[in-house]
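Accompanying notes for the structure given below.
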Amino acid sequence: MRAQVVIVGAGLHGCSAAVHLSAQGHRVTVIDKDYSGRHASGVNAGGVRRLGRHPAEIPLAMAAWERWQRMAEVVGDDCDFRPVGQIKVAENDADLETLAEREREVRSLGFDHEYLITRDELHKRVPALSPHCPGGLACDGDGYANPYRTVTAWRRQAQRQGVSFLEGVTVTGLEAHGSGWQVHAGRHRFSADILINCAGAWAGTLCEWLGEPVPLSAEAPMLMITERLKSFLGPVIGATSRPLSFKQFENGTVLIGGGVRGEVDSRRQVAETLLGGLADNADTVVSLFPFMHEARIVRTWAGIEAVMPDQIPVLGPSSTSQSVIHAFGFSAHGFQLSPISGEIVADLAMGREPAYPIKPFSITRFQDYHMSG
Amino acid sequence: MKTHDLMILGSGPAGMAAAATAVAHGITAVVVDEQPAAGGQIYRSIESTPIKERRILGDDYWHGKALVDGLNDPRIDYRPGTTLWQLTRKLEVGLLQGEQASMVRARHVILAHGAMERPFPIPGWTLPGVMTAGSGQILLKSAGLAPSAPVVLAGCGPLLLLLAVQYLRAGIPIAALLDTTPAGQYRDALSLLPGALRNPRTLLKGVGLLAELRRAGVRHVRHVTALEAEGEGRLEGIRWQCGNDSEWHHLSTPLLLLHQGVVPNTQVTRALDCTHDWDERQLAWQPRRDNWLATDVEGIAVAGDAGGIVGAKGSAMQGQLAGLGAAIALGRVSEEKIHKEVKQLRRDLARETAIRPFLDVLYRPAAHWRLPEDDTLVCRCEEVTAGEIRRMAEQGCRGPNQTKSFTRCGMGPCQGRMCGITVSELLADANGQSVAETGYYRLRPPFKPITLGQLATAAEDAAG
């Protein structure tokens with residue numbers, strides 16, 4: 001059956017769903033209130049990371065990683081993916097114990113992609129690191145990609161497969177229509193046999209309309225980037241007990257982030273950076289890489305992300321409608337998962353059992369949640 | 001965090017006049033300027049310039065002396081050599097004095113940081129030896145530095161003529177003055193002449209400059225339609241076409257000074273997310289302001305060229321107006337009480353700026369000077385060409401934030417100051433949409449790079 005599919009949200013997950021659904025022959029329309037990749041998808045840190053994932057996400061992250069290896073085949077562009085490896089650094093013995101525990105946990109789940117490295121090995125791989133760090137947890141093959149280039153590659157692939165994109169169009173309401181939906185967007189009306197909610201930080205509104213509210217919060221992870229520095233770093237570096245993501249690009253600039261939060265101005269729909277959090281992040285960087293004290297920051301920014309209280313996404317069918325599928329709330333680490341989320345959405349839309357376990361991501365885990373106020 | 005009643009950013013004519021006005025109403029103003037001395041671009045180095053012979057820099061330059069002297073008032077906390085690196089919508093102000101970063105809070109802010117030169121992207125404009133006329137003038141005023149070999153000045157606008165005359169008077173040889181003003185524009189501007197006659201002094205000054213150049217026999221090439229800078233590793237010469245002639249003319253020169261007008265510096269108002277409008281007559285973005293020069297961000301006003309080009313005297317008048325606005329906002333005076341003064345001020349301002357439409361039309365850079373050919377670099381920091389921007393448009397980029405994410409265009413140390421307007425206009429042209437629809441870069445602090453160490457110091461200040 002050729003279904004009429006409407007996807008709300010032209011971010012990574014919306015575009016990935018569009019690619020996989022159109023590949024199955026469905027007629028797909030993607031609606032976005034701004035433009036593709038305006039918020040979280042286009043301005044995130046670009047981490048392609050399996051390291052440190054929530055256990056429920058590991059099978060998906062492993063499958064996504066396989067797709068990242070051949071992105072040029074999937075979307076016709078390598079998305080600047082650089083598999084330089086990622087290392088979570090221990091700053092003290094307590095951190096080291098946390099990492100050892102993590103390694104045991106991952107192994108007990110049947111995976112071996114994360115492994116402890118000794119002090120010597122750590123400093124061999126990251127010579128610029130402060131000598132006090134006693135070890136780390138490494139994941140080879142992880143790395144980073146260019147976020148905006150990635151979301152654009154997915155969008156263009158979808159367009160090549162006949163998907164139409166309506167940007168600058170805000171969905172204003174839903175109306176049940178037979179077994180499907182009439183999607184209202186101002187004066188526009190779109191008929192949908194299947195509706196996909198990939199609206200990111202704005203996905204909660206659709207859930208309310210569907211009678212299944214979720215405790216989604218819009219947060220603004222902040223990033224800052226330095227001027228070009230001499231090459232000193234290969235892998236992407238994380239910290240164990242405080243937020244940090246630290247990488248040097250090929251052009252020499254260093255991107256610093258990892259979860260410190262700015263402020264969301266919901267009226268203007270923009271994320272503002274906050275000095276305090278940036279300074280905390282700077283502290284972490286300087287304690288791990290003391291010479292960075294003199295490195296100059298040229299820009300800071302923040303993007304709006306949908307974060308769930310348990311830090312894992314809502315990915316699966318609606319609990320109130322047979323013809324709605326959710327894929328949102330990736331809680332500031334959905335970038336790496338984007339190739340696989342669309343496959344899962346397409347499977348669900350076709351009435352097939354997805355190839356990966358998605359029960360932990362069910363919206364029903366929030367069924368006792370009621371909107372306050 | 002320390003709180004100040006009024007912070008004025010910039011000590012050019014607008015900032016200095018605003019400070020003097022505020023002080024007259026009992027407000028202690030903090031005046032911050034990145035430069036080591038007051039005066040802004042127009043009165044730069046007025047207290048220290050080695051060029052003492054008054055006729056070289058001219059009466060309009062020395063006119064600034066009184067305003068600069070006004071900053072000596074002990075009620076003004078004037079801080080030269082201080083960089084603004086952050087300003088939030090809550091009026092938190094991040095400053096950098098020398099290596100020392102700090103954060104303070106303001107009850108009212110007047111932005112008076114002036115204009116910047118419009119980008120002039122021609123083939124070869126990034127070669128060493130190619131500068132803007134503005135930088136040429138800075139060197140002359142602040143250090144008396146002047147090229148010894150004959151220079152070429154090219155472009156359009158009052159500043160270009162003024163610099164040519166200042167060079168002439170200082171005895172600096174001018175190889176040629178290439179005028180890029182399209183032929184038809186003299187005719188277009190003519191209809192606006194009656195309005196311009198309300199400010200005859202400025203008009204006569206312009207006529208006088210042209211006459212002085214002619215008397216001195218400076219080679220003045222008009223209606224230049226194409227211009228390229230050439231050289232291996234640095235500027236060696238230029239070539240140009242003019243009129244309807246397809247012949248290339250060549251000239252060897254080690255120094256080319258380019259200029260095609262000035263535009264408001266909107267970096268800070270953009271970062272504040274003030275509403276901006278595209279002014280089609282001035283071909284520039286302007287922060288939207290009410291009749292007290294207040295933006296749509298509470299507590300932030302913009303005076304002088306930073307809000308739209310009005311020239312030095314117009315800027316000083318706007319500074320006064322914004323200073324009065326601050327006094328009202330801070331409850332130091334009632335609007336009623338200064339009603340008459342304000343009415344007169346607005347009248348003077350209208351007369352002073354009456355010449356603008358004429359100048360804007362006369363010196364409007366033609367489209368091909370603003371929309372360079374594919375091979376020409378647009379973003380100097382990240383080396384992005386006009387052709388790459390056009391290709392991004394084909395791939396669906398509607399605005400500069402998308403091309404920025406895609407190509408890093410505008411992400412370099414200049415934060416888009418050198419490419420922003422060009423990219424917006426290129427995308428508007430390629431996508432067949434207006435510049436207003438196309439928009440501009442979203443800007444974020446720091447406005448000027450600061451180190452991680454300084455960031456930590458500032459945060460302690462903000463928390464304390």
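Bear in mind these aren't lab numbers, they're just calculated from the coordinates by the rules spelled out. On a predicted model such as this, the values are computed, not experimentally measured, just so you know. Glycine gets a Cβ as well: all are built from the backbone with ideal geometry, and neighbour counts include every protein chain shown.
Here are some notes:
- Loop chymotrypsin sites (Phe, Trp or Tyr not before Pro), the range B:277-352, which have at most 16 other Cβ atoms in a 10 Å radius of their Cβ (DSSP): B:292
- A simple charge model with +1 on the Cβ of Lys and Arg, -1 on the Cβ of Asp and Glu and nothing else charged puts the dipole of the protein assembly as shown at about 2300 debye relative to its Cα centre.
- By the compact-protein rule of thumb, 2.2 N^0.38 Å, the alpha-carbon radius of gyration of the protein assembly as shown corresponds to a ratio of 1.04.
- Dipole of chain B, positive direction: furthest Cα of B:37, B:292, B:372, with charges on the beta-carbon: B:292
- Cβ-based charge dipole, the range B:119-260, positive-most Cα from B:226, B:131, B:162: B:162
- Across the cross-link table entries B:313/B:337; B:65/B:205; B:2/B:448; A:88/A:124, which are compared at the Cα atoms, the separations over 18 Å belong to B:313/B:337; B:65/B:205; B:2/B:448.
- Order by protection proxy (mean Cβ within 10 Å, highest first), peptides B:203-210, B:88-95, B:297-304, A:134-141: B:297-304, A:134-141, B:88-95, B:203-210
- Within the range A:124-192, trypsin sites (Lys or Arg not before Pro) in DSSP loop having at most 16 other beta-carbon neighbours inside 10 Å: A:187
- Low-density loop cleavage sites - trypsin sites (Lys or Arg not before Pro) in the range A:211-267, where at most 12 other Cβ are within 10 Å (DSSP): A:230, A:267
- Cα centroids of the range B:67-93 and the range B:218-235: 40 Å apart.
- Cα-only Debye scattering, the range A:179-309: base-10 log of I(q)/I(0) at q = 0.15 Å⁻¹: -0.79
- Per-residue Cβ neighbour rank within 10 angstrom, fewest leading, B:118, A:268: A:268, B:118
- Legend: mean number of C-beta atoms from other chains within 10 angstrom of residue C-beta atoms, peptide A:284-290, equals 1.
- Cut-off under 5 Å, modelled amide H: who pairs with residue B:174 long-range: B:151
- Förster-model FRET efficiency, 25 Å R0, residue B:148 and residue B:127, C-beta, rounded to 0.05: 0.85
- Charge dipole (Cα centre; +1 on Lys/Arg Cβ, -1 on Asp/Glu Cβ; no other charges) of the range B:119-260 amounts to roughly 740 debye.
- What the Cα convex hull of the range B:141-296 gives, in volume per residue, is 187 Å³.
- Each helix, a run of at least 4 DSSP H residues, gives -39500 (n - 2.57); summed and divided by the residues of chain B, these come to -10500 deg cm²/dmol at 222 nm.
- The C-alpha radius of gyration of chain B, expressed as a fraction of 2.2 N^0.38 Å, stands at 0.97.
- Given R0 = 51 Å, the distance between the Cβ atoms of residue A:231 and residue A:172 translates into a calculated FRET efficiency of 0.55.
- Taking other residues whose beta carbon is less than 11 angstrom from the beta carbon of residue A:59, and scoring Lys, Arg as +1 and Asp, Glu as -1, yields +1.
- Neighbour net charge for residue A:174 - beta-carbon separation under 13 angstrom, K R +1, D E -1: -2
- Inter-chain shielding of B:404-410 (mean C-beta neighbours from other protein chains, 10 Å cut-off): 3
- Built amide H within the under 5 Å cut-off of residue A:245, gap 5+: A:257, A:258
- The range B:112-124 - phi-based ³J(HN,Hα) in whole Hz, Karplus 6.51/-1.76/1.60, Gly and Pro as x: 9, 9, x, 10, 9, 6, 5, x, 10, x, 10, x, x
- Summed residue charge, Cβ within 12 Å of residue A:200's Cβ, Lys/Arg positive, Asp/Glu negative: -2
- Each Lys and Arg contributes +1 and each Asp and Glu -1, all at the Cβ; summed about the Cα centre of chain A, the dipole is approximately 980 debye.
- Residue B:226 long-range amide H proximity, modeled H, under 5 Å: B:241
- When the alpha-carbon atoms of the range B:129-183 are used, the pair Rg, Dmax equals 10.8, 37 angstrom.
- Taking A:173, A:11, A:259 as the candidate residues, the one with maximal mean-square fluctuation in a Gaussian network model of chain A, Cα springs under 10 Å, is A:173.
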